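Have a look at the structure below before the remarks.
The values are calculated or read from the model by the stated rules, or taken from the named source; none is laboratory data. Source: prediction; values computed, not measured. Methodologically, a virtual Cβ is constructed for each residue, glycine included, from the backbone with ideal geometry; neighbour enumeration extends over all protein chains shown. When the accessible area is computed, the model is the full protein with side chains, heavy atoms only, and any ligands, DNA or RNA have been set aside. Shrake-Rupley method; radii C 1.70, N 1.55, O 1.52, S 1.80 Å.
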Amino acid sequence: MLTASNIFIKYGDRTLLDRISFTIGDKERIGLVGRNGAGKSTLLQVIAGNVRPDDGNIQRPTASTLGFLHQEMNIPKGKTVMEETMTAFDEAKFVENRLAEIHEELTHRTDYESDSYMNLLNEMSDLDHRFHIIGGTNMEAEAEKILKGLGFKNSDFQRLTDEFSGGWQMRIELAKMLLQRPDYLLLDEPTNHLDIESIIWLEEFLQTYEGSTIVISHDKTFLDNVTKRTIEIELGKLYEYKANYSKYVEMRAERREKMSAAMNNQQKVIDQMERTISRFMAKATKTSLAQSMQKKLDKIDRIELEDVDTATMNIRFPVPPRSGQVVADVKNLSKSYGHLNVLNQVDLQIERGDRIAFVGQNGQGKTTLAKLIVNHLQPTSGEVKIGHNVHIGYYAQNQAEALDPKITLLETMELHSPPEMRTRLRNILGSFLFSGEDQDKKVSVLSGGERARLAMACLLLRPINLLVLDEPTNHLDMLSKEVLKVSLTDFSGTLLVVSHDRDFLAGLTDTTVEFRDKKLHTYLGDVNYFLEKRKLDDMRQVELATKNAVATNGHAKELNHEERKNLQRAVTNAEKKVEQLEAKISDIESRMALPDFYQKPDSQKVLNEYTKAKADLEAAMSEWMVAQDALG
């Protein structure tokens, strides 16, 4: 068990962590949450031993191991991906060598009854157990499995780590950490550099992980799928909930509501007692009674509702000018970087009002196509035609980092502002939580989240009708992401979002474009619809392989345990989905049957929900049939 006792950290006048204590038991799945700057990453640094608190201490078992994936890791260079990944097995190789030494020594020993001989046998037994625990029996196969899960291909294994971007190098570090299987695995924003498929793979890996996991993430879906306990850091204090993120949000609201009611009730009692004491003190005959009541009042344990940081951005995009029907037309477009071909003769037409998500593995061309559409890159061949009266707003993946660090926030806004908006700049900064003296700070002193908010603020300075956002949520906390999603839902122009955040994308877009094998694959639905369709396609491949085996050999290939378990899970999930969708459709049909249904302002929205639910039901039924057939 790991124990944190009385951890206290103060920076200047600000108390970051105010004497917090907690324990982490075996096989725990913990989400560490709180606003940006609340002290989450600092707390992980303290647990890892990289930061010494002003007071308090961390204790964990002497023989326990700890792995810490954080944002400022130094990635070694000069080795191939596989060579670097295999360094995770340094302990296994040491154990393997020691076992070989013991085996060699035992072949020559004849003092079978001696203590030293028995000690050797005990050491061999312990080392053999440890060797199996850390995956020493199948090192290269395990490394390959983890690397592929995190998105690497066979052809990447012999490439130098130097050839990969920082995000891919971070995946190598994560692969090494997962292979080492530490007792305590600390992950600070592990999904920032992963695509949706790799995030889903990591979720499944962590769900069966033998050690304890502590995760900081702004990916709500990831936290829901991985964690079972939530630790919240709020204004220096720590609050614990035995629940995943979504349940924690509900429990937190319930707890505050009950505390607020209890505090109000207590205050009524206190007010009544104080009035009575005042009346009694005025009468000499009741002075002793008043004093007795005052002592009783002094002993009351006052209920206090803790302060909560609820400040959020206020984003309102200006009403966009009307564009032509075709906003952008991508025709026969190819893009290569030297010998590396990223996009090969792709076509995409974006029409006014479209809401499109770009998804797919990193390196498949999502950001490249976004840059081609906004004219930040030129195609190798083919063309991008921008439609009539299209005004583009673009938030690049590194937009926050691209801001000039030497100028102030207000000067940054002035740099991006048309003359007629100059008088409103301070108000706009205020709506993005930069008020008073903050506006005269240099950009260089801002955190990643603050820079992201400033870059967002710059987007509001001109009316735009094509908004292109590349990973806009990377540095935003949960509340800020919610505010951004609401504002984008209300945005009446054309929207194109590159993101791997499933919760953020869910319901935000109505078309999903997957980038795979240098081509575009379009799905007419949001990210959840896309994931269901992809899962269905994958299961169809299993079914096809089974049928091919029957045709070739006269009998089906026996499914292994993992395949059968996945298919059984798919059948169960599909059955639940069918039940939920049938209930939803029945409910909507009841509402549609009401006489005044079509006079209601939200009738069109309900009809759209009905159409989508019917399509989802059809997909869920197909998914169930495919999985059931594959099971046999």
Along Cα→Cβ, 7 Å out, is where each label goes; now give me the distance between the ones at residue 138 and residue 486 in nm to one decimal. 4.9
By how many nm would the segment from residue 59 to residue 585 grow when fully extended, if each residue of separation counts as 0.36 nm and the alpha-carbon distance is taken off? 183.9 nm
What shape does segment 206-325 take by its C-alpha gyration tensor, where a ≥ b ≥ c are the square roots of the eigenvalues and a/c under 1.5 counts as rounded, a/b above b/c as prolate, and the rest as oblate? oblate
Geometric extent, Cα atoms of segment 24-137 - Rg, Dmax (angstrom): 20.5, 65
Pop a pseudo-label 7 angstrom from the Cα along the beta-carbon direction at both residue 162 and residue 416 and give the gap in nm to one decimal. 3.6
Let me make sure I get this right: for segment 103-170, a, b and c are the square roots of the gyration tensor eigenvalues over alpha carbons, sorted descending. Under 1.5 in a/c it's rounded, otherwise prolate if a/b > b/c, else oblate. Which is it? prolate
Net charge dipole size for the chain [Lys, Arg +1 and Asp, Glu -1 on Cβ; Debye, nearest 20]: 2520
When only the heavy atoms of the protein chains count and the probe is 1.4 Å, how do 203, 144 rank by accessible area, highest first? 144, 203
Nearest-5 percent of antiparallel DSSP beta bridges in the chain? 50
In the P(r) worked out for the chain, what percent of Cα pairs fall beyond 42 Å? 38
Contour minus Cα-Cα distance for residue 295 and residue 3 (0.36 nm per residue): 101.2 nm
Suppose each label sits 7 Å from its Cα in the direction of the beta carbon; what would the residue 262-residue 26 distance come out to in nanometres? 3.4
Which of the residue pairs 148/331; 79/148; 406/441 have a Cα-Cα distance greater than 21 Å in the structure shown? 148/331
Listed pairs 40/577; 481/576; 533/576 exceeding 26 Å between Cα atoms: 40/577; 481/576
Checking the a/c ratio against 1.5 first, then a/b against b/c, what shape does the Cα gyration tensor give for segment 159-224? oblate
List the equivalent ellipsoid semi-axes of segment 257-338 in whole Å, largest first, each obtained as the square root of 5λ for an eigenvalue λ of the Cα gyration tensor. 70, 17, 9
In the chain, if the dipole is taken from +1 on Lys/Arg beta carbons and -1 on Asp/Glu beta carbons about the Cα centre, which of 376, 249, 58 is farthest to the positive end? 249
Computed magnitude of the charge dipole of segment 1-133 (debye, nearest 20; Cβ of K, R +1, Cβ of D, E -1): 1120
With every protein chain present, what is the per residue accessible area of segment 266-410 (1.4 Å probe, Å²)? 58
Using the Karplus curve 6.51 cos²θ - 1.76 cosθ + 1.60 with θ = phi - 60°, what ³J(HN,Hα) values do you get for each residue of segment 421-437, in whole Hz, with x for Gly and Pro? 9, 4, 6, 9, 4, 5, 5, 5, 4, x, 5, 9, 6, 10, 10, x, 5
Could you check how much of the accessible area of the chain is carbon and sulfur, as a whole percent, using a 1.4 Å probe? 49
